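Note sheet for the following structure.
Only the coordinates and a few stated rules stand behind these numbers; no lab work does. Not measured: the values here are computed from a predicted model. Reconstructed Cβ throughout: ideal geometry from the backbone, glycine too, with neighbour counts over all protein chains shown.
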Amino acid sequence: MAEWPTPRRIATLSVHTSPLEQPGTGDAGGMNVYIVEVSKRLARLGVEVEVFTRATRSDLPPVVEMAPGVTVRHVTSGPFEGLSKEELPAQLCAFTHGVLRAEAAHPPGYYDLIHSHYWLSGQVGWLARERWGVPHVHTAHTLAKVKNRLIAAGDRPEPKARVIGEEQVIAESDRLVANTRFEAQDLVAYYDADPARVTVVQPGVDLDRFRPGPLPSAADRSRFGLPERGKVVAFVGRIQPLKAPDVLISALARMREPDTTLVICGGPSGTGLDRPTALIELAESLGVSDSVVFLPPQDGAGLAALYRTADLVAVPSYNESFGLVALEAQACGTPVVAAAVGGLVTAVRDGLSGVLVDGHDAGEWARVLDRLLASPGLREKLSAGAVAHAADFSWDRTAENLVRVYREAVTEHRALIAKRLEAYAW
């Protein structure tokens with residue numbers, strides 16, 4: 001079968017979070033970083049990208065140029081503010097209407113392909129695919145059935161409506177892009193996805209921004225409100241039970257290594273919004289308040305500086321489809337201690353670039369952190385391994401591999417149309 005040219009223009013769907021939002025708070029996280037970095041690199045490869053996302057403020061312009069060749073379209077669907085991600089399914093009809101209207105303003109065939117991110121976007125992509133007659137590629141990023149199997153104590157399970165929605169999207173998509181082979185296996189095992197339609201495309205890291213730097217100075221530590229001396233363990237991510245920052249506070253109370261400061265960088269999200277002060281209260285109850293520093297989400301340059309300032313970065317999540325924080329930290333030369341779950345098993349090379357911990361027992365996390373903080377030689381070895389491991393990942397490679405998936409999807413879709421036309425002619 002002859003291969004068709006690279007798609008000229010794709011519609012990227014990101015219903016519940018905008019690539020223009022600051023990662024680390026609300027619903028903005030690794031998926032936002034993924035869409036931003038991939039879109040920019042697709043544009044450099046000659047693929048124009050239009051990202052559709054829900055407008056969350058009345059003063060947002062309808063269209064924003066995020067980068068050359070990348071446009072963000074704000075679609076009005078439901079109230080601008082005050083809607084949680086769980087309330088968005090009721091607005092999918094309005095969002096789909098906005099997406100279809102945007103396409104209708106152009107000549108037929110304006111978009112060559114749809115790439116949806118997360119199941120809410122997949123529902124819209126499923127309908128737009130039928131209307132436009134183009135292939136639909138879907139990336140789940142997280143899966144409800146997997147999250148519910150690995151749920152944190154006290155967290156709310158994903159609703160049945162999401163499970164059914166994911167099943168529909170996975171069954172109807174032309175191609176499914178998984179971040180790791182483990183996610184690909186989950187798609188097949190839990191959702192009965194056709195293995196022939198699942199392709200693994202690993203995320204990347206911005207190696208120009210996240211790279212080793214000079215040893216942190218007193219000014220660097222002061223910038224983040226850290227004491228002049230002592231070890232630093234950093235957590236970066238949204239504050240919610242899924243990410244398990246509470247495990248680190250409990251571990252800190254059990255650690256023996258003196259003068260250790262735990263940095264928690266991020267904003268409340270998801271069920272973490274129910275008790276935004278829970279971590280502060282936990283630190284107070286365990287008597288470690290003076291050793292915990294809370295920081296708001298940081299921009300890219302701020303994150304890189306924080307990673308370099310830390311002796312270790314900890315990622316104790318109950319589940320991660322990949323774990324971009326772990327990769328960014330390693331690219332800066334900082335070893336990572338991560339839970340041995342999901343994509344973190346790929347993002348961190350156990351014993352080479354960091355350490356993987358089975359389970360979420362605070363005592364075990366304390367023992368691992370103590371051992372590494374007390375062993376500068378081991379940390380130095382892991383630091384070198386972290387830089388080497390991260391160098392194997394790049395957003396350029398991610399974009400190039402996605403283009404291959406797009407080409408295959410377009411080729412097969414047009415071949416199917418040709419076959420149907422031929423049958424109709426008879």
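What are the membrane-span-like helices in the chain by this rule: whole DSSP H runs, Cα extent along the axis at least 20 Å, mean Kyte-Doolittle hydropathy at least -0.5?
Both cut-offs are met by 30-44, 376-390.
Among the aspartates and glutamates, which fall within straight-line cross-link reach of Lys243, defined as a Cα-Cα distance under 19 Å, with same-chain neighbours fewer than 8 residues apart omitted?
Asp27, Glu86, Asp155, Glu158, Glu183, Asp274, Glu281, Glu320, Glu328, Asp358, Asp361, Glu364
Could you tell me the center-to-center distance, by alpha carbons, between the stretch 155-196 and the stretch 19-47 in angstrom?
What the calculation gives is 22 Å, centre to centre.
Enter the per residue convex hull volume of the stretch 1-61, computed from alpha-carbon coordinates, in Å³ rounded to the nearest integer.
105
Take each of the peptides 157-169, 321-333, average the number of other beta-carbon atoms within 10 Å over its residues, and list them starting from the highest.
Most protected by this proxy first, the peptides run 321-333, 157-169.
In the Gaussian network model of the chain, springs joining C-alpha atoms below 10 Å, which of Ala399, Ala178, Ala94 carries the largest mean-square fluctuation?
Checking each option, the largest mean-square fluctuation is seen for Ala94.
Taking amide H positions as placed 1.01 Å from N in the peptide plane, with prolines and chain starts having none, which residues 5 or more places from Ala178, or on another chain, fall under 5 Å of its amide H?
Thr199, Val200, Val201
Find out how many positive minus negative residues lie around Glu380, taking Lys and Arg as positive, Asp and Glu as negative, among other residues whose Cβ is under 15 Å from that of Glu380.
Its environment carries a net charge of +4.
Less than 10 Å Cβ to Cβ from Glu412, Lys/Arg counted +1 and Asp/Glu -1: what total charge do the surrounding residues give?
My count for the surroundings of Glu412 gives +2.
Using helices alone, what [θ] at 222 nm do you get for the chain, with -39,500 (n - 2.57) per DSSP H run of 4 or more residues, divided over all residues and rounded to the nearest 500?
The helix contribution divided over the chain gives -12500 deg cm²/dmol.
Quick check for me: using +1 on Lys/Arg Cβ and -1 on Asp/Glu Cβ, what's the dipole size of the stretch 1-152 about its Cα centre, in debye to the nearest 20?
The calculation lands at about 280 debye.
Counting DSSP beta bridges with both partners in the chain, what percentage is antiparallel, nearest 5?
Approximately 10 percent, going by the DSSP bridge assignments.
Using the Cα atoms of the chain to build a convex hull, what is its mean projected area in square nanometres?
So the mean shadow area of the Cα hull is 21.0 nm².
What is the stretch 326-426 by shape, rounded, prolate or oblate, if you read a ≥ b ≥ c off the alpha carbon gyration tensor as root eigenvalues and call it rounded for a/c under 1.5, prolate for a/b larger than b/c, and oblate otherwise?
It comes out prolate by the Cα gyration axes.
Listed highest first by mean packing, meaning other Cβ atoms within 10 Å per residue, what order do 302-314, 117-129 come in?
Listed from highest to lowest mean packing, they are 117-129, 302-314.
Quick query: amide H of Val51 versus all other amide H atoms, modeled in the peptide plane; which residues come in under 5 Å with a sequence gap of 5 or more or a different chain?
Correct list: Thr12, Thr71, Val72, Arg73.
Amide H to amide H under 5 Å from Val263: which residues, 5+ apart in sequence or cross-chain, H placed 1.01 Å off N in plane?
Val233, Ala234, Phe235, Val293
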